[in-house]
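Everything on this sheet refers to the single structure shown next.
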Amino acid sequence: MSHMNAWLWNNNKITLATKAVPTIGDYSVLVKNTAIGINPVDWKLIEGNLGSLSQDYIPGVDGTGTIIAVGEKVQHLEIGARVTYHTDLRRDGSFSEYTAVDARALLPVPSCINNVAAAAFPCPGLTALQAIQKLPEIIGQRILVNGAGGAVGNFICQLLIQQGAKVYAIASAKRHEALKQIGVIQCIDYHNKNWLNELSTTRFFAAFDMVNGESAAKLAPLLEYYGHLISVQDRVNSSPVEPFTTSISIHEIALAALHAYGTNAQWHKLIQGGIALLKQIEIGQLTLPSIKTVPFNKIDCTLEKLKTNNDGTKYIALMD
C-alpha cells in the first residue's frame, strides 16, 4: 500500500490519478475512506477562490471511514474505529482512498448511523453549531435565517428551534413546506425581488446569512438594537449600520480556521458538541438534508453540478 487513487489539483481543476499514501505524525491517524462528503467549499477551493494551492494537492473537507493507523501519541482512538471528520485545508483532504487527519478533529460514528449519513454531517453540522454558539441567548428570540434551504441553513434552523427560538427563513419556495414542518414560523422566497419589503416591519434579535458578505449586510437594517449579524459564508468587513444607532454585533464563521488557530480546549468543545448532534441524528431528533450518492470517479462532475445547481441535495461519493 504505497500509492492510492486520489483527485489531484492542478491549474484550478482536478484529475483522477495516483499519489503516495500519506504518512502520519504523532498526533494524527490514517483513515481509509468509505464515503466522502462533497461541499460548496470544495469547488470554491479548486477554482482558487480560497487562496493558492500546491501542485497535486488533494481537495475535500469531509470524509468517513475506518482508522487503519494511529500516531504514537494518540491515546483516545484505536485501529478499526469508524470515524467522520473535517480536514485541515493546509493538508491533503478527503478526495482520496486514504486521508491523514489530526486525531483531535475526529468524530466517532454511532453504530446506528451509516457511512453515507455520517459523511453528510461534518462541514454543515459543525458550521451550524459554531454559528449558533455566537449568540448570547436564543430562547424566545426572533431570528432570521437566509439560505435556510441549504444544508448549513437547515441545520441552523433546526438547532435554533430546538432551543426555543422563533425562526423566520429565506429560501426558495420549494423548500418552504419542509421548513414549516420543522417549526419555521414564516418563509420568504428570495426569488421575489421585493422579499426584503416583506420583512421591513419585523425586527430580529439575530440574522444568519449563508450567501455572502454583501447579502449579509443587506439584513442589517432588519436587526433590533444590539442585534447580531452572523455571516457564515463570507466576512462583513465594516458595519452596515451608522455609528451610535442599533450598535449591532457582526460575527464571522470560519470552521476551517480552527485547524490553524484553535486550541485543544476549543477542539474538545466542538467535537463534544458534534458527538451530541450525531446522537440526535441517530435517534431522529435532528434530520440530515436530502442525500444522493455518486461514485468516487464522478466527483469532478458532481462538483460542477453542485456549482451550477445547488438545490440543497447533499452529494456523497462512495469508494468502490
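What follows is calculated from the coordinates using simple rules that are stated; it is not laboratory data. Please read all numbers here as calculations on a predicted model, not as lab measurements. Positions of Cβ are generated from backbone atoms using ideal geometry, with glycine treated the same way; all protein chains shown enter the neighbour counts.
Tabulated data
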read-out: Scattering curve values for the range 167-320, log₁₀ I(q)/I(0), Debye with Cα scatterers, q = 0.10, 0.11 Å⁻¹; value: -0.51, -0.62
read-out: Theoretical gain in end-to-end length, residue 291 to residue 90 [0.36 nm per residue, Cα-Cα removed]; value: 69.6 nm
read-out: GluC sites (Glu not before Pro) restricted to the range 1-102 and DSSP loop, no more than 14 other C-beta within 10 Å; value: 47, 72, 78
read-out: Mean Cβ neighbour count within 10 Å, used as a protection proxy, ranking 56-68, 1-13 highest first; value: 56-68, 1-13
read-out: Radius ratio Rg over Rh of the range 135-252, counting only Cα atoms, Kirkwood formula for Rh; value: 0.93
read-out: Sequence-distant lysines (8 or more away, or on other chains) whose Cα lies within less than 22 Å of residue 314; value: 13, 32, 44, 174, 180, 279, 292, 298, 305
read-out: Extension gain, residue 301 back to residue 244 (0.36 nm per residue minus Cα-Cα distance, nm); value: 15.6 nm
read-out: Candidates 73, 193, 174: whichever shows maximal mean-square fluctuation once the chain is modelled as a Gaussian network with Cα springs under 10 Å; value: 193
read-out: Residue order, fewest to most surrounding Cβ atoms within 10 angstrom, among 175, 90, 142; value: 90, 142, 175
read-out: For the range 17-28, Karplus couplings with θ = phi - 60° (6.51, -1.76, 1.60), whole Hz, Gly/Pro x; value: 8, 10, 8, 4, 4, x, 8, 10, x, 4, 10, 10
read-out: Label selected from [x] 134; [y] 175; [z] 124, the criterion being volume of the Cα convex hull per residue in Å³ as computed here; value: [x]
read-out: Spacing of the two label points (7 Å from each Cα toward its C-beta) at residue 224 and residue 265, in nm; value: 3.2 nm
read-out: Chain lengthening between residue 177 and residue 279 when straightened (0.36 nm per residue, less Cα-Cα); value: 34.2 nm
read-out: Relative contact order [Cα under 8 Å, 6+ residues apart], the chain, whole percent; value: 17 percent
read-out: In the range 162-244, the chymotrypsin sites (Phe, Trp or Tyr not before Pro) that fall in loop regions by DSSP, at most 12 other Cβ within 10 Å; value: 244
read-out: Quarter of Cα convex hull surface for the range 24-106, i.e. mean projection, nm²; value: 5.1 nm²
read-out: Burial order of peptide ranges 121-130, 256-265, 271-280 (average beta-carbon count within 10 Å, highest first); value: 121-130, 271-280, 256-265
read-out: Semi-axes of the equivalent ellipsoid for the range 1-154, Cα gyration tensor, largest first, Å; value: 28, 21, 13
read-out: Cα pair count fraction exceeding 24 Å, expressed as % - the range 68-175; value: 40 percent
read-out: Candidate aspartates and glutamates for bridging to residue 73, where Cα separation is under 13 Å - those fewer than 8 sequence places away on the same chain excluded; value: 26, 102
